[in-house]
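Structure record follows, encoded as structure tokens.
The values are calculated or read from the model by the stated rules, or taken from the named source; none is laboratory data. Computed from a predicted model, the values in this text were never measured in an experiment. In this analysis, Cβ positions are derived from the backbone assuming ideal geometry, glycine residues included, and neighbour counts consider all displayed protein chains. When the accessible area is computed, the model is the full protein with side chains, heavy atoms only, and any ligands, DNA or RNA have been set aside. Shrake-Rupley method; radii C 1.70, N 1.55, O 1.52, S 1.80 Å.
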Amino acid sequence: MSNSVPVPGRRPSVSASDPPNFIPIPTNTRGLPISSYGAQSPPASSNIAASFGTSPRAAYSTSPSTSSHVRGASGSLTNAFSGMARQLTAFLPKTYPLEEEPEKRQGTTKVLLLENINLDAAEFLKNQGFEVDHVTKAWSEEELISKLPAYQAIGIRSKTKITQKVIDANPQLLVIGCFCIGTNQVDLEHAARRGIAVFNSPYANSRSVAELVISEIIALSRQIVDRTHEMRAGIWNKISKNCWEIRGKTIGIVGYGHIGSQLSVLAESFGMQVVYYDVIPIMPLGTARQVDSLEELLGKADFVTLHVPEIPDTINMIGEAQFAQMKSGAFFINNARGKVVDLNALASALESKHLAGAAVDVFPKEPGSNGPGFNETLGEFIPRLRNVSNLILTPHIGGSTEEAQRAIGSEVSNAVYRYLTFGCSLGSVNFPEVDLRSITTNDERHIRVCHVHRNEPGVLKQINNILADHNIEKQFTDSKGDIAYLMADISGVGQEEVEGIYSAIKNTRANILTRLLCECPLVLHR
């Protein structure tokens with residue numbers, strides 16, 4: 001993955017690696033004694049050396065070492081920043097060698113990545129100045145409650161569950177990155193109520209899933225899995241009975257979104273006829289045809305494949321009645337979500353030979369890590385499925401390609417970076433989508449206010465009264481349900497005024513989360 005060029009604007013942290021053309025710290029606009037400040041000096045430059053661990057068994061950190069924060073190529077940061085020490089007191093990282101008012105310093109933002117998220121994403125976030133810990137496994141609710149308080153951001157895939165209990169135990173959490181399509185593993189509404197933005201990558205692995213479905217259709221129609229097992233057992237069984245070409249067959253796609261529509265095009269290129277069912281009218285691609293009901297699709301299709309989200313309306317949408325509506329000898333594929341299918345009913349349809357075969361990539365409960373564990377503890381249907389013929393069972397690998405994981409890693413890590421650094425919430429699934437154009441190096445003495453609050457009357461008036469002594473350069477606010485998000489850039493702000501502005505906004509009655517972004521590290525207090 002090629003690292004995205006950071007948006008020009010405010011630096012996320014004070015670091016020895018900052019470029020010479022950093023944004024100047026606000027000058028003394030309120031006439032405080034000059035002796036309390038001092039001449040500004042540009043930071044020394046250095047290369048932050050950090051490398052990934054190589055052990056596959058343990059979590060490893062991608063954080064720059066403490067000494068990397070403190071020392072430059074030519075000496076300590078004490079000399080490099082001596083002129084701005086007092087101005088930066090409220091925002092300095094813990095490693096900054098300053099003895100005055102240490103209780104006001106802000107530590108470097110820490111990001112936790114679970115479930116073996118693409119390493120390019122970890123490297124990108126590390127290069128933006130964040131401390132990044134990369135873990136290959138999912139964490140349980142108990143582990144998240146005990147260990148997550150050390151982090152302001154977390155990246156997960158589908159196995160880690162961010163519940164209301166986890167959210168309440170981590171008031172410091174600012175953002176959750178779901179490095180996958182779905183977000184049902186996160187309590188989205190409660191996260192929003194706590195001021196936590198959630199981002200995902202809804203389209204990046206669409207092609208990978210669509211290609212997997214095509215491969216499964218061919219494998220099922222030719223009984224490739226059964227022949228392979230027989231060959232491995234030393235059995236030669238060359239047969240053509242009940243083995244079919246897919247040309248001329250009908251594929252029924254349930255859910256004609258990004259995956260379903262791509263699959264439609266691929267299936268047509270193999271000579272298949274395409275019908276699809278969706279809850280809303282969608283213009284077809286190629287010669288595909290939308291049908292009026294799920295029942296109609298099930299009765300027409302030789303291959304039925306699901307591409308729907310897990311929501312109350314889709315849980316157990318395919319069960320005994322729906323399998324009975326399918327053509328005798330048809331095939332069924334689920335690469336969507338585990339809870340949308342009654343797997344006991346699927347096992348019965350396969351055991352009775354009503355269905356000729358199936359492919360299942362997702363399950364209602366899944367192991368938390370690779371290795372043994374795919375057994376009856378996940379459901380009584382597991383042993384039944386393992387014993388039926390012409391069934392492809394895969395461990396949730398629909399989007400598990402190098403291309404998809406790089407694309408997902410790039411999209412979600414960039415979204416997390418933009419939210420933490422610039423306050424941009426574009427693409428958030430649970431949050432008002434708000435953004436302002438970047439602050440440039442020409443915008444001296446600017447502060448960006450990021451204020452998450454309850455959607456109540458009078459909040460904007462309160463905030464603008466607080467900011468009335470300054471010029472509001474630009475402002476944007478939006479709401480989503482009970483949550484509203486305001487961003488405002490104000491100019492002419494002296495460093496001595498920042499804490500007062502922050503405290504006044506934070507103490508308004510509707511406040512959920514207040515952050516001020518400037519040339520120094522982020523203010524992370526609520």
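Residues that are over 18 Å from the mean Cα position of the chain (by Cα) and among the small types (Gly, Ala, Ser) were ranked within the stretch 141-157; the one that is farthest from Lys365 (Cα to Cα) is Ala150.
Quick check on my filter: what residues within the stretch 109-127 are assigned to a loop (DSSP other than H, G, I, E, B) and either surrounded by 21 or more Cβ atoms within 10 Å (Cβ to Cβ) or without any contact (Cβ under 8 Å) to a residue 12 or more places away in the chain (or both)?
Taking the stretch 109-127 as the starting set, the residues that turn out to be assigned to a loop (DSSP other than H, G, I, E, B) are 109, 114-118.
Of everything in the stretch 109-127, those that are assigned to a loop (DSSP other than H, G, I, E, B) and either surrounded by 21 or more Cβ atoms within 10 Å (Cβ to Cβ) or without any contact (Cβ under 8 Å) to a residue 12 or more places away in the chain (or both) turn out to be Thr109, Leu114, Ile117, Asn118.
Going by what's in this entry, would His446 be described as open to solvent by less than 20 Å² (accessible area, probe 1.4 Å) and in contact with a Leu (Cβ under 7 Å, 6 or more places away or on another chain)?
Details: open to solvent by less than 20 Å² (accessible area, probe 1.4 Å): yes; in contact with a Leu (Cβ under 7 Å, 6 or more places away or on another chain): no.
Criteria not met by His446.
Is there a residue in the stretch 492-511 that is open to solvent by less than 60 Å² (accessible area, probe 1.4 Å), polar (S, T, N, Q) and modelled with pLDDT under 90? There is at least one residue in the stretch 492-511 that is open to solvent by less than 60 Å² (accessible area, probe 1.4 Å), polar (S, T, N, Q) and modelled with pLDDT under 90. On the stretch given as the stretch 279-333, residues that are over 23 Å from Glu366 (Cα atoms) and part of a loop (DSSP other than H, G, I, E, B) total 19.
Taken together, the residues in the stretch 169-188 that are touching a residue at least 40 places away in the same chain (Cβ under 8 Å) and out of contact with any helix residue (DSSP H, G or I) (no Cβ under 9 Å at 6 or more places or on another chain) amount to 3. Among the residues of this structure, Gly252 counts as one that is touching a Lys or Arg at 6+ places or on another chain (Cβ under 7 Å), modelled with pLDDT of 95 or more and open to solvent by less than 20 Å² (accessible area, probe 1.4 Å). Taken together, the criteria exclude Ala336 from residues that are in contact with a strand residue (DSSP E or B) (Cβ under 9 Å, 6 or more places away or on another chain), open to solvent by less than 20 Å² (accessible area, probe 1.4 Å) and in a helix (DSSP H, G or I). If only residues of the stretch 157-174 that are of a type in the set (A, V, I, L, M, F, W, C) and farther than 17 Å from Thr109 by Cβ are counted, the one that is most open to solvent (accessible area, probe 1.4 Å) is Ala169.
For the stretch 471-482, the set of residues classified as among the hydrophobic types (A, V, I, L, M, F, W, C) and either without any contact (Cβ under 8 Å) to a residue 40 or more places away in the chain or crowded, with 22+ Cβ neighbours inside 10 Å (or both) consists of Ile472 only. Just one of (1) surrounded by fewer than 18 Cβ atoms within 10 Å (Cβ to Cβ); (2) of a type outside the set (Ser, Thr, Tyr); (3) farther than 16 Å from Gln290 by Cβ fails for Leu220. It is (1).
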